[in-house]
Amino acid sequence: MTSMKLGMPINYAGDFRETMDNLADFEKAGVARVTVPEAYSFDAVSQLGYIAAKTDKMELQTGILPMFSRSPSNLAMTAAGMDYISGGRFILGIGASGPQVVEGFHGVKYDYPVGRARENAEICRMIWRREKTQYQGRHYTLPLTKDDGGSGLGKALKIINHPVRDRIPMLLAAIGPKNTELAAELFEEFQPFLFHPEYVEAAFGEPLAAGKAKRDPSLGELGIVVQASALISEDAEQIEVAMQHVRNHAALYIGGMGARGKNFYNTLAVRYGYADEAALIQDLYLDGKKAEAAAAVPDDLVRAMSLIGPRSLVAERVEAFAKSGVTVVLAAPLAPTHAGRVATMEGLSEILAG
């Protein structure tokens, strides 16, 4: 059973300044990592830069930066800058996002996410080693030559500053088999979504094993980072409100994040063994029946993905996550008050410490 680190996601849709005013309380409660997502709201990097200035020990993770919206060199520069201002506390989390956001918000073609993720990792590490930008890939060519559509004036350069680390940890958000295999082969950490610890082998076992078989030993053991809603409480009403939050969240992704026949999260639910339920959730959600879709999310799936309930039950779920190989749990506290959210994180920190 692995030991787990306690992290916490920052809500990109909430009041960021209020969260920052309270962040010291969570650091004292044992939160060792914070992660800021980037969808189509404020960017994650400026917010993490602010957090870097307000904290001393917390790890800072992007969770995630969509790689289609930045060039690989820009990702490398961003990570090197964040690692510098944080004193070596940064983790670069990247992922593919999806065509709705990439093409709809950024106006960039969504193609070859697995191949692009590989080349992004290779280019970032090349730049952090302060090697010249000489790279010939399928998707990225540095410098861009005339034959590849450039002016022919491009020059191979190396980053001016000396990065704090020449190997900044990289995380790949993935749930599909090919991306999961790539994460296990080439990245320090792997972040799946809607994580069910009892079905990790059924959903991810084969691609993880295939990727690890090609893994460079210098990368160390693969870390697994997962997000889970959290509430330690005996209050039945609070517990039900928290469970409903998870149902709504799961229905949004299983039902609404994608089209019929192209929804990665729906496919994941099928791999967990919920084929009929996944189809029903999607049908209801795409028909505009969001409440009915949420009600169709199985209770056992909600409980499995969450850390919600009395302390003894939460401790059992923590053990299940640890046994599945999770190394960082990003717990999103759902108590209705700040004091309650801090208490939940303190309780989780105590449980993780044994």
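The values are calculated or read from the model by the stated rules, or taken from the named source; none is laboratory data. No experiment lies behind these values; they were computed from the predicted model shown. Please note: Cβ atoms are built from the backbone with ideal geometry, for glycine as well, and neighbour counts cover all protein chains shown. Ligands, DNA and RNA are excluded from the accessible area calculation, which covers all protein heavy atoms including side chains. Shrake-Rupley method; radii C 1.70, N 1.55, O 1.52, S 1.80 Å.
Using θ = phi - 60° in the Karplus curve 6.51 cos²θ - 1.76 cosθ + 1.60, the 3J(HN,Hα) couplings for the stretch 185-193 round to 7, 10, 10, 6, 9, 10, 10, x, 10 Hz; x is entered for Gly and Pro. Look at the alpha carbon pairs under 8 Å that are at least 6 residues apart: their mean separation over the length of the chain gives a relative contact order of 19 percent.
Using C-alpha pairs under 8 Å with a sequence gap of at least 6, the mean separation divided by the residue count of the stretch 25-168 gives a relative contact order of 22 percent. Dipole of the chain computed with +1 at Lys/Arg Cβ and -1 at Asp/Glu Cβ about the Cα centre; of 50, 339, 309, farthest Cα towards the positive end is 50. Residues whose amide H falls under 5 Å from that of residue 91, counting only those 5 or more places apart or on a different chain, are 60, 61, 62, with hydrogens built in the peptide plane. Straight-line reach from residue 132: which aspartates and glutamates fall under 18 Å, measuring Cα to Cα and dropping same-chain residues less than 8 apart? Filter leaves 119, 122, 166. Build a GNM of the chain with springs between Cα atoms under 10 Å apart, and of 238, 136, 191 the one that fluctuates most is 136.
Can you give the accessible area per residue of the stretch 234-309, in Å², using a 1.4 Å probe? Walk me through the numbers before you get to the answer.
Working: 3750 Å² over 76 residues.
The answer is 49 Å² per residue.
Ligands, DNA and RNA are left out, and with a 1.4 angstrom probe the accessible area of the stretch 23-121 is 40 Å² per residue.
Output the pairs from 109/178; 178/214; 109/262; 57/323; 54/323 with a Cα-Cα distance over 23 Å in this structure; if there are none, say none. List each step's numbers first, then the result.
Values: 109/178 20 Å; 178/214 13 Å; 109/262 16 Å; 57/323 27 Å; 54/323 34 Å.
Over 23 Å Cα-Cα: 57/323; 54/323.
Near the amide H of residue 229, within less than 5 Å, lie the amide hydrogens of 307, 332, all on another chain or at least 5 residues away, with H placed in the peptide plane.
Name the most mobile residue of 86, 151, 229, meaning the one with the largest mean-square fluctuation, in a Gaussian network model of the chain with Cα contacts below 10 Å. Of 86, 151, 229, the most mobile in the Gaussian network model is 151. Each residue of the stretch 284-298 was assigned a 3J(HN,Hα) from its phi angle through the Karplus expression (A = 6.51, B = -1.76, C = 1.60, θ = phi - 60°), giving 5, 5, 6, 8, x, 9, 5, 5, 5, 4, 5, 5, 7, 5, x Hz with x at Gly and Pro.
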